[in-house]
Amino acid sequence: MNSEIKEEVPVHEEFTLCGGVETQVLKCGPWTDLFNDQSASRPKLLIFIIPGNPGFSTFYVPFAKALYSSVNRRFPVWIISHAGHVLAPKDKKILSASGDPNAQEIKDIYGLRGQVEHKLAFLRTHVPKETKLVVIGHSIGSYIALQILKHAPELPIIRSCLLFPTIERMSESPNGRIATPILCWLRYALYVSTYLLLKPCPETVKSWLIRMGLQRMNVQSEFSVLSVLEPFCLANIAYLGGQEMVQVVKRDNETIKEHLSKLTFYYGTIDPWCPTEYYEDIKKDFPEGDIRLCEKKIAHAFILRSYQEMADMVADWLKDDLSKADIATSGSED
């Protein structure tokens with residue numbers, strides 16, 4: 001089934017200027033421009049994936065393809081990279097939003113708050129206001145998804161699925177205790193060492209190193225992942241990570257309470273970024289919420305091994321919401 005998905009599902013890559021920064025967007029399905037598509041088959045709903053950190057959208061393609069197939073190819077599935085995490089190839093055209101050609105630059109766009117504003121800017125300029133949204137956040141993408149609900153109540157989000165959500169006490173988690181000193185105190189040493197090692201490295205050598213790494217992980221990528229070894233991108237990844245450790249401390253219970261009916265949480269049992277006590281605590285605080293604990297020992301980085309399982313589960317959770325969207329679509333066409 002996986003090889004079938006890879007061969008058959010169309011994925012369109014584009015780089016667009018968003019908040020003044022080139023941004024990679026990968027789009028599953030035949031719909032690449034929701035504004036100018038006036039056909040009767042234009043979807044009334046978009047599934048929007050916000051990655052974790054690093055925000056390399058290309059690693060989410062197998063999950064997006066599987067999800068697109070699992071919802072019977074009725075709705076587009078788009079993945080957005082984080083600002084500054086992916087650089088466009090030299091020959092790639094950078095698009096600008098038709099409705100906002102002079103998009104205002106976002107202050108501290110590579111930081112956590114800036115990344116939230118970056119996603120909001122994209123949704124406001126690239127998605128028609130009437131298009132319903134299903135937002136899927138993974139890891140820190142879950143925190144960003146919650147912030148979108150908080151700061152943009154006008155967006156027609158009908159469901160937010162938060163997968164392995166890092167929405168509280170990040171620095172206290174097992175991985176956070178290791179990452180915090182590196183990202184917060186040794187960050188500049190990290191910058192200098194990666195710059196000295198990677199800046200003079202020829203692209204052919206970087207490509208070979210990445211190819212070897214992907215082979216060892218048994219991961220395939222149909223789009224360039226050279227940004228994985230770009231000092232500029234690695235610095236932005238570390239900067240965002242450092243802000244996560246400092247800022248993602250207290251769970252935003254107010255936003256969760258206000259939007260609980262449209263939230264689905266999925267916690268892992270072997271997740272060193274959100275231990276099971278975080279699941280138990282939120283379950284205790286919101287017993288009526290759709291808060292699930294993984295029964296399959298799926299890892300935090302599910303996109304590498306368990307993307308098909310996750311896609312099938314997410315599609316099942318969305319069944320009722322998507323059925324209503326289908327009814328609304330057929331009703332508007334009559």
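The values are calculated or read from the model by the stated rules, or taken from the named source; none is laboratory data. The structure presented is a predicted model; accordingly, all values stated were derived computationally and were not measured. Here the Cβ is made from the backbone with ideal geometry for all residues, glycine too, and neighbour counts use every protein chain on show. We work out accessible area using only protein heavy atoms, side chains counted, and drop any ligands, DNA or RNA first. Shrake-Rupley method; radii C 1.70, N 1.55, O 1.52, S 1.80 Å.
Brief remarks on what is shown
- Contact order for the chain, expressed relative to its length and based on alpha carbon pairs under 8 Å spaced 6+ residues apart, stands at 20 percent.
- Net +/- balance of residues flanking Val249 in space, Cβ distance below 11 Å, scoring K and R +1, D and E -1: -1
- Rounded to whole Hz, the Karplus (6.51, -1.76, 1.60) HN-Hα couplings of the range 231-248, x for glycine and proline: x, 4, 5, 5, 5, 5, 5, 5, 4, 4, x, x, 5, 4, 4, 7, 9, 8
- Distance between the modelled labels on Gln247 and Arg74, one decimal in nanometres: 3.7 nm (7 Å Cα→Cβ projection).
- In summary, the aspartates and glutamates within cross-link reach of Lys199, defined as a Cα separation below 17 angstrom excluding same-chain residues under 8 places away, comprise Glu230.
- Cross-link partners of Lys93 among aspartates and glutamates (Cα-Cα below 17 Å; sequence separation of 8 or more within a chain): Glu13, Glu14, Glu22, Asp33
- The range 34-171 shape via C-alpha gyration tensor axes, a/c threshold 1.5: rounded
- When each of Lys27/Lys65; Lys65/Lys319; Lys27/Lys296; Lys150/Lys319; Lys65/Lys262; Lys132/Lys284 is checked by Cα-Cα distance, pairs over 20 Å: Lys27/Lys296; Lys150/Lys319; Lys65/Lys262; Lys132/Lys284
- Of all accessible heavy-atom area on the chain, the percent that carbon and sulfur account for (1.4 Å): 54
- Amide H contacts under 5 Å for Leu46: Lys132, Leu133, Val134, restricted to partners 5 or more places along the chain or on a different chain, H placed in the peptide plane at 1.01 Å from N.
- The chain - share of DSSP beta bridges that are antiparallel (%, nearest 5): 30
- Applying the Karplus relation 6.51 cos²θ - 1.76 cosθ + 1.60 with θ = phi - 60° to the range 15-21 yields 3J(HN,Hα) values of 10, 10, 7, 9, x, x, 10 Hz, where x marks Gly and Pro.
- Alpha-carbon centroids, the range 8-33 and the range 255-273: separation in whole Å: 27
- Applied to the range 54-70, the Karplus parametrisation 6.51 cos²θ - 1.76 cosθ + 1.60 on θ = phi - 60° returns per-residue 3J(HN,Hα) values of x, x, 7, 4, 4, 6, 8, 4, x, 5, 5, 5, 4, 5, 4, 5, 5 Hz, with x for Gly and Pro.
- Per-residue [θ]222 nm for the chain (sum of -39500 (n - 2.57) over DSSP H runs n ≥ 4, rounded to 500): -12500 deg cm²/dmol
- Heavy atoms of the protein chains alone define the surface here; on that basis the range 167-293 has 56 Å² accessible area per residue at 1.4 Å probe size.
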